[in-house]
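Structure record follows, encoded as structure tokens.
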Amino acid sequence: MHRTGKSTKQTGILAMVLAVSLFCAIIGTEIFIKYAGAAGRNTPVTFRFKGRTAKSITLSWKAAESATGYQIFRSEGNGAEALVATTTALLYKDKGLKSGTTYRYRIRAYHAVTENTGAYSEKLSTTTLPAKPVIKVRSGNQCVRITWSPITGASGYHIYQYKGAKSVPVATIAGKSNVTCLINRLENGVAYQFAVTAYRNYKGMDYESVKSSVKSGEPVAVAKTSTKAKFFKTRKTFLKSEAVQSCGFLKNNLIYSKSVILPGMINTNVAEFASSSMVPQGLTFAGSYMLVSAYDKKGLDNSVIYVMGKSGKRLLTTIILPNKTHAGGITCDDKNLWICQSTTLRSIPFSEVEKAAKKRKKYIKIEAYDTKAELGQRASAVTYYKGLLWVAAYAETGFGYMGSYRIVNKDAKPTLALLQRIKIANRVQGLSFTSNGRLIFSRSSQANSSKKGYIHQLDVYKPDMSRISFGIVKPGKREKIIDMPSMNEEIAVSGKYLYVNFESVYYAAAAKQVDRICAFKVTAVTE
């Protein structure tokens, strides 16, 4: 019994010792954990941005006391924050980011396990670099034009010229969307090399992209706008052309002496750059002039308007429009020249056209439109009649519309007020009212019969115009269809003659190409 009691007492003492030891171990661990947490809370990580590219941002920091590792949190702009990395290193490269974009970061340390964290660092923000521009260099007369696409997040662009292996900054352009730089006073026949960077201004500092690939341009003399026929150099060759021989109406009714060779089809001088890809579109008579619009099919140069004398039909000057947007139908209200562009109708003062024509300037550049009226539909043709603008909205299928518009503030910066929208046929490229009470639509689509929707004709109507002063015309039934060569465009009446423009001069695949504006007696068309 004595031996058993002693053993029991010893066992109890041992258990007590073990319990105390275990309690101390637990308390010690808890104290250590609390200590580590306290250390983290009292000493948050201090970090900095060590570098950046268009797709990455690198952060670095010093080791925090008792830290096992670090958690990196990121938000894009003012968006939601997310944990993006856990690391034991003192450096982190955040990859796969968007170029030219603001990112915000903060870091916290942890000890032993990621749940045991310290305090967050201060939240800091920075930006990735803008993406590298891709440039094109176009050579002109004693100049080059450098172009590129807008870069996300860019505040502007720096242009560099290379002199040997060294690059020298020659221009800075502010604004993300300003993506053209003209370099003048260069020597023709000499090769020049250029590169462009995008920069982003963030918190007062400019962050510059990697330089674009180096591109070269060699300025070259540019001829004046051509006035010779592109295909048919003489009357005889034109009259023997497929267009004339296969189109009975054209063959029997063409007034050759009134017809006009399209200028600029071999070469158009667009502010000292040579374009051989202009596509003629609009046609109108204004004052003493005949005007033809065209756009650059390759998108290299701005749209233009060729200004010719109304009587002699000689090219007097070229109006260079402010943009490259497809310049379609044109008309004039005596004060303003109106141009169809996509879903808009835009205007410039007709006085600018007259000044340039009278001075016989090689060309004149219009810096901005006076009016940009949104029509809500694709505008293909326009005419001015009875004090109103009549605009045809092109439709490939179904039916189109003709809108009538009153011009407000005609003598200053005009605006348009819609009066009526009238159903018309589809594929309308031109329209004109005649003095004998007819309404003519020029309708065309596609280059040749292998294409679906191929059409090339003039439709003649005798409309009800009893309410025309209100902008209301009822076309009624079509009276006549007149066959044309392919790709007939806008039409215009001057005196006793109807003139028909053609865009087939540009398209090699077009059947029955025509390189001039063809004239017919109005009566031959309407009666």
Query raised in the report: Given segment 289-371, what strands (runs of 3 or more DSSP E) lie entirely inside it while holding 1 or more residues that are over 22 Å from I407 (Cα atoms)?
Result: 289-296, 304-309, 315-320
Report summary line: Residue hits (segment 507-527; of a type in the set (A, V, I, L, M, F, W, C), assigned to a loop (DSSP other than H, G, I, E, B) and closer than 16 Å to Q281 by Cα) are A510, V514
Report summary line: Out of (1) open to solvent by less than 20 Å² (accessible area, probe 1.4 Å); (2) touching a residue at least 24 places away in the same chain (Cβ under 8 Å), the one F49 does not meet is (1)
**Report entry** Selected residue (only one of K9, K93, K55 is of a type in the set (K, R), modelled with pLDDT under 95 and open to solvent by 70 Å² or more (accessible area, probe 1.4 Å))
**Finding:** K9
Query raised in the report: When residues of segment 457-477 are filtered for being in contact with a strand residue (DSSP E or B) (Cβ under 7 Å, 6 or more places away or on another chain) and in contact (Cβ under 8 Å) with a residue 24 or more places away in the chain, how many remain?
Result: 12
Query - Residue within segment 149-157 that is open to solvent by 30 Å² or more (accessible area, probe 1.4 Å), within 24 Å of V270 (Cα to Cα) and part of a strand (DSSP E or B) present - result: no
Query raised in the report: Of the residues A286, A294, A243, which single one is without any contact (Cβ under 8 Å) to a residue 40 or more places away in the chain and crowded, with 19+ Cβ neighbours inside 10 Å?
Result: A294
Query - Candidates K132, K166, K136, K95 - the one that is among the basic types (K, R) and closer than 30 Å to A67 by Cα - result: K95
Query raised in the report: Any idea which of R516, R438 is under 16 Å from T383 (Cβ atoms) and among the charged types (D, E, K, R)?
Result: R438
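Listed here are the residues, each with its yes/no results for (1) in a strand (DSSP E or B); (2) closer than 30 Å to F273 by Cα.
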{"site": "A67", "(1), (2)": "no, no"}
{"site": "F73", "(1), (2)": "yes, no"}
{"site": "L97", "(1), (2)": "no, no"}
{"site": "A109", "(1), (2)": "yes, no"}
{"site": "N116", "(1), (2)": "yes, no"}
{"site": "T126", "(1), (2)": "yes, no"}
{"site": "S139", "(1), (2)": "yes, yes"}
Query raised in the report: Tally time: how many residues in segment 469-506 are outside any strand (DSSP E or B), open to solvent by 20 Å² or more (accessible area, probe 1.4 Å) and over 23 Å from F520 (Cβ atoms)?
Result: 3
Query raised in the report: Within the set of pairs 6 or more residues apart or between chains, which connect a residue that is under 23 Å from L300 (Cα atoms) and open to solvent by 20 Å² or more (accessible area, probe 1.4 Å) inside segment 118-136 to a residue that is at pLDDT 95 or above and not in a loop (DSSP other than H, G, I, E, B) with Cβ atoms less than 8 Å apart?
Result: K132/T197; K132/A198; V134/W148; K136/I146; K136/T147; K136/W148; K136/K215
Query raised in the report: Going by the structure shown, is V190 free of Cβ contacts under 8 Å to residues at least 40 places away in the same chain and assigned to a loop (DSSP other than H, G, I, E, B)?
Result: yes
Requested in this report: Take the residues in segment 413-456 that are without any contact (Cβ under 8 Å) to a residue 24 or more places away in the chain and small (G, A, S), then tell me which one is farthest from A368 (Cα to Cα).
Outcome: S450
Query raised in the report: Here are some residues: A67, A109. Which one is in contact with a strand residue (DSSP E or B) (Cβ under 7 Å, 6 or more places away or on another chain) and in contact (Cβ under 8 Å) with a residue 60 or more places away in the chain?
Result: A109
Query - Lone qualifier among S432, S450, S404 - being polar (S, T, N, Q), farther than 24 Å from G495 by Cβ and part of a strand (DSSP E or B) - result: S404
Query raised in the report: Of the conditions (1) at pLDDT below 95; (2) closer than 25 Å to I517 by Cβ, G376 fails just one. Which one is it?
Result: (2)
Query raised in the report: Taking segment 137-148 as the search range and keeping residues that are touching a Pro at 6+ places or on another chain (Cβ under 6 Å) and among the polar types (S, T, N, Q), which one is surrounded by the most Cβ atoms within 10 Å (Cβ to Cβ)?
Result: S139
Requested in this report: Mind listing whichever residues of segment 47-62 are of a type in the set (V, I, T) and in a strand (DSSP E or B)?
Outcome: I57, T58
Query raised in the report: Here is a list of conditions, (1) surrounded by fewer than 18 Cβ atoms within 10 Å (Cβ to Cβ); (2) touching a residue at least 12 places away in the same chain (Cβ under 8 Å), and S226 meets all of them except one; can you say which number that is?
Result: (1)
Report task. Identify all residues within segment 70-94 that are of a type in the set (D, E, K, R), over 33 Å from the mean Cα position of the chain (by Cα) and over 17 Å from K50 (Cα atoms); write none if there are none. Result -> E81
Report task. Select from segment 206-261 the residues that are in a loop (DSSP other than H, G, I, E, B), under 30 Å from Y157 (Cβ atoms) and basic (K, R) and list them in ascending order. Result -> K211
Query raised in the report: Which one of A381, A417 is of a type in the set (G, A, S) and open to solvent by 10 Å² or more (accessible area, probe 1.4 Å)?
Result: A417
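The values are calculated or read from the model by the stated rules, or taken from the named source; none is laboratory data. Just so it is clear, the model here is predicted, and its values are computed rather than measured. So basically every Cβ, Gly included, is an ideal-geometry build from the backbone, and we count neighbours across all protein chains shown. Accessible surface areas use protein heavy atoms only, side chains included; no ligands, DNA or RNA. Shrake-Rupley method; radii C 1.70, N 1.55, O 1.52, S 1.80 Å.
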